[in-house]
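J.: I am attaching a structure below and will ask some questions about it afterwards.
The values are calculated or read from the model by the stated rules, or taken from the named source; none is laboratory data. For clarity, every value in this text was computed on a predicted model and none was experimentally measured. Positions of Cβ are backbone-derived with ideal geometry, glycine not excepted, and every protein chain shown enters the neighbour counts. These accessible areas exclude ligands, DNA and RNA; they are computed on the full protein's heavy atoms, side chains included. Shrake-Rupley method; radii C 1.70, N 1.55, O 1.52, S 1.80 Å.
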Amino acid sequence: MVHARKGGRPRKYFSDEERLAAHRVSNRASWQRRAEQQNLSRRENYRKQRPTREPSNSILKESDRKDLARTSLLKAQQVEVEFTTFVGIDPRSFVEARLLDYLSQVSSDKENRDALDTIDGPAETIGQLRQKCYDIRDHLWQRVGSGKHYDRITDIMDEMRRVEGWLMDVSCEALISSQSLREMYSQRQLQYQK
């Protein structure tokens, strides 16, 4: 005896909720596929259209380029000496000394915005030194391009940026409340203490 079959495929979803959930999954997968394709084509178009970032160094001879790179590094190292003279050997001790100066000037019951100069002043000085290094590095990039001297100047700038960031972190916490800054200091939760 042959059983008569119903026409069509067997049911995949037995409720509207199941059908809608499957539809959402399918739509989301399609959307992601299309987005990936669009992003890929946009990246390719961008790479084709963007100007080359190579410096215009065709004017300089190889020996002149090396001399310029060396002198730029020497200038940056002079700025680094200024930074080290200002901050000292241990930047963490420098930041901690500024913090303790601030806390000694501020009474716990009264906020003193003028005391913030003990933190903001050094941060501004370090920012100026970092800007000098940035100008030297930018000039080197425009004339010679990247290389070991460029990378060394970047390392110098990164150290300055790190100490400046620590000071700004302390300054921001001081703006919120000197009491919370005292607590964070005692619990060793400040960025430079980690």
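J.: If you scan segment 137-194, which residues turn out to be within 30 Å of Thr71 (Cα to Cα) and among the charged types (D, E, K, R)?
T.: Passing the criteria: Arg137, Asp138, Arg143, Lys148, Asp151, Arg152, Asp155, Asp158, Glu159, Arg161, Arg162, Glu164.
J.: In addition: So Gln142 passes all but one of these: (1) open to solvent by less than 80 Å² (accessible area, probe 1.4 Å); (2) farther than 24 Å from Arg182 by Cα; (3) at pLDDT below 85; (4) not small (Gly, Ala, Ser). Which condition number does it fail?
T.: Among (1) open to solvent by less than 80 Å² (accessible area, probe 1.4 Å); (2) farther than 24 Å from Arg182 by Cα; (3) at pLDDT below 85; (4) not small (Gly, Ala, Ser), Gln142 violates only (1).
J.: So, in segment 9-54, exactly how many residues are of a type in the set (Lys, Arg), in a helix (DSSP H, G or I) and farther than 30 Å from Gly145 by Cα?
T.: Final tally of qualifying residues: 5.
J.: Condition check: over 23 Å from Gln78 (Cβ atoms), part of a helix (DSSP H, G or I) and modelled with pLDDT of 80 or more. Does Glu183 satisfy that?
T.: yes
J.: Any residue at all in segment 113-134 that is surrounded by fewer than 20 Cβ atoms within 10 Å (Cβ to Cβ) and within 24 Å of Arg65 (Cβ to Cβ)?
T.: Yes, segment 113-134 contains a residue that is surrounded by fewer than 20 Cβ atoms within 10 Å (Cβ to Cβ) and within 24 Å of Arg65 (Cβ to Cβ).
J.: If we scan segment 146-165, do we find a residue that is without any contact (Cβ under 8 Å) to a residue 24 or more places away in the chain, assigned to a helix (DSSP H, G or I) and either open to solvent by less than 40 Å² (accessible area, probe 1.4 Å) or among the hydrophobic types (A, V, I, L, M, F, W, C) (or both)?
T.: Checking segment 146-165: at least one residue is without any contact (Cβ under 8 Å) to a residue 24 or more places away in the chain, assigned to a helix (DSSP H, G or I) and either open to solvent by less than 40 Å² (accessible area, probe 1.4 Å) or among the hydrophobic types (A, V, I, L, M, F, W, C) (or both).
J.: Suppose we filter segment 85-108 for residues that are touching a residue at least 12 places away in the same chain (Cβ under 8 Å) and among the aliphatic types (A, V, I, L, M); how many remain?
T.: Number satisfying all stated conditions: 5.
J.: Here is a follow-up. With respect to the numbered conditions (1) without any contact (Cβ under 8 Å) to a residue 40 or more places away in the chain; (2) open to solvent by less than 70 Å² (accessible area, probe 1.4 Å); (3) of a type outside the set (A, V, I, L, M), which one is the sole condition not fulfilled by Glu183?
T.: Every condition holds for Glu183 apart from (2).
J.: Let me ask you something else. Determine whether Asp169 is closer than 30 Å to Glu62 by Cβ, among the charged types (D, E, K, R) and open to solvent by less than 80 Å² (accessible area, probe 1.4 Å).
T.: no
J.: Working only within segment 34-79, note down all residues that are at pLDDT 85 or above and aliphatic (A, V, I, L, M).
T.: Ala35, Leu40, Leu68, Ala69, Leu73, Leu74, Ala76, Val79
J.: While we're here: Can you go through Ser63, Ser93 and tell me which one is open to solvent by 60 Å² or more (accessible area, probe 1.4 Å), within 23 Å of Arg188 (Cα to Cα) and part of a helix (DSSP H, G or I)?
T.: Among Ser63, Ser93, only Ser93 is open to solvent by 60 Å² or more (accessible area, probe 1.4 Å), within 23 Å of Arg188 (Cα to Cα) and part of a helix (DSSP H, G or I).
J.: Moving to a separate point now. Within segment 7-18, is there a residue that is open to solvent by less than 100 Å² (accessible area, probe 1.4 Å), modelled with pLDDT under 85 and of a type outside the set (S, T, N, Q)?
T.: Yes, there is a match, as at least one residue in segment 7-18 is open to solvent by less than 100 Å² (accessible area, probe 1.4 Å), modelled with pLDDT under 85 and of a type outside the set (S, T, N, Q).
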